[in-house]
């Protein structure tokens, strides 16, 4: 999948830093793998967590059948709580944002990505396993250009959000040659979720927001807003979609069954119902290196 993102504008504004890997000084003893009776699944916060989790019902039923395990859903409080769950071993399988994956993998390199969804084209969201960070304002407001936003109020999502925090802070000022966000906007707030940022703009509570294109379109699909209600003043380079991950200390047969369940979802009735729920065609395999672009920005 790395080639999917080769040549995007992001590569033009980043300098990749290559760090030398430390040389092992001794042989680590093999640790026994973990074979829990219950697999706990979580995902970074979305617009309506109860509704979002119901979207996963068909694929999680298939996952239970394929692994022979009971599947338990863990409701997250924040992006960080999902990371903490993986590190603390009370979450086994998770859907992370690209930056939250990079953070989690940096703390525990055994956390393994195995795939992501290939989205259907819909409004601002392009087809495939990529998405954009979009800067939106309310149509009919005075905020119709980047210049008009000087001194305005801005909503970001969460410090561990890629499109709702990292890209706006690290990439947007470089591409637009504008000052840092805190200097350009009069006030910058955190909403915690992309849908809350979208609704804050729609309701006039903030003047602008950075949101993920697919999360924005989920709010549109839910009938809460209309695409025509917004101006889109900037979009980021293409970003890799949210990685699905497993804890590395799980036994290999479990990890294989988890990955296979999602990667072959389009071949099963349950999987196709799940993919329809999330406006996707199929799953594609992803690896750690697919998120090197995000690491480069974070540096």
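The values are calculated or read from the model by the stated rules, or taken from the named source; none is laboratory data. Predicted model only: the values in this text are computed from it and were never measured. When we count neighbours, we look across all protein chains shown, and the Cβ atoms used for this are built from the backbone with ideal geometry, even at glycine.
Residue by residue through segment 235-249, note down the ones that are assigned to a loop (DSSP other than H, G, I, E, B) and surrounded by 18 or more Cβ atoms within 10 Å (Cβ to Cβ).
236, 237, 238, 241, 242, 243, 247
Going by the structure shown, is residue 100 in a helix (DSSP H, G or I) and either under 26 Å from residue 295 (Cα atoms) or outside the structural domain of residue 175 (by TED's automatic domain parsing) (or both)?
Yes; evaluated as a whole, the condition is true for this residue.
Given the conditions (1) outside the structural domain of residue 288 (by TED's automatic domain parsing); (2) crowded, with 19+ Cβ neighbours inside 10 Å; (3) under 22 Å from the mean Cα position of the chain (by Cα); (4) in contact (Cβ under 8 Å) with a residue 40 or more places away in the chain, which single one is not true for residue 232?
So the condition that residue 232 fails would be (2).
Select from segment 53-77 the residues that are surrounded by fewer than 17 Cβ atoms within 10 Å (Cβ to Cβ) and not in a helix (DSSP H, G or I) and list them in ascending order.
Those that are surrounded by fewer than 17 Cβ atoms within 10 Å (Cβ to Cβ) and not in a helix (DSSP H, G or I): 68, 70, 72, 73, 75, 77.
Condition first: at positive phi and buried (at least 16 other Cβ atoms within 10 Å of the Cβ). Can you find one or more residues in segment 261-278 that meet it?
No, that holds for no residue.
Taking residue 265, is it in contact (Cβ under 8 Å) with a residue 40 or more places away in the chain, under 26 Å from residue 35 (Cα atoms) and in contact with a helix residue (DSSP H, G or I) (Cβ under 6 Å, 6 or more places away or on another chain)?
Yes: the conditions hold for residue 265.
Residue by residue, here is whether (1) in contact with a helix residue (DSSP H, G or I) (Cβ under 9 Å, 6 or more places away or on another chain); (2) surrounded by fewer than 22 Cβ atoms within 10 Å (Cβ to Cβ) holds:
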site: 104; (1), (2): yes, no
site: 110; (1), (2): no, yes
site: 115; (1), (2): yes, no
site: 127; (1), (2): no, yes
site: 130; (1), (2): yes, yes
site: 146; (1), (2): yes, yes
site: 154; (1), (2): yes, no
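Can you name the condition, by its number, that residue 31 falls short on among (1) modelled with pLDDT of 50 or more; (2) within 19 Å of the chain's Cα centre (by Cα)?
Among (1) modelled with pLDDT of 50 or more; (2) within 19 Å of the chain's Cα centre (by Cα), residue 31 violates only (2).
Restricting segment 171-185 to residues that are under 17 Å from residue 152 (Cα atoms) and out of contact with any strand residue (DSSP E or B) (no Cβ under 9 Å at 6 or more places or on another chain), which is surrounded by the fewest Cβ atoms within 10 Å (Cβ to Cβ)?
Within segment 171-185, the match that is surrounded by the fewest Cβ atoms within 10 Å (Cβ to Cβ) is 183.
Kindly evaluate residue 277 against the criterion of being touching a residue at least 60 places away in the same chain (Cβ under 8 Å), over 18 Å from residue 161 (Cα atoms) and out of contact with any helix residue (DSSP H, G or I) (no Cβ under 8 Å at 6 or more places or on another chain).
Judged against the criteria, residue 277 is not a match.
Among the residues of segment 80-89, is there at least one that is more than 18 Å from the chain's Cα centre (by Cα) and closer than 15 Å to residue 209 by Cα?
no
Taking the condition within 17 Å of the chain's Cα centre (by Cα), assigned by TED's automatic domain parsing to the domain that holds residue 196, closer than 19 Å to residue 241 by Cα and surrounded by fewer than 24 Cβ atoms within 10 Å (Cβ to Cβ), does residue 159 pass?
So residue 159 passes the test.
Consider segment 250-281. How many of its residues are at pLDDT 95 or above and either not assigned by TED's automatic domain parsing to the domain that holds residue 104 or not in a helix (DSSP H, G or I) (or both)?
Here the count works out to 3.
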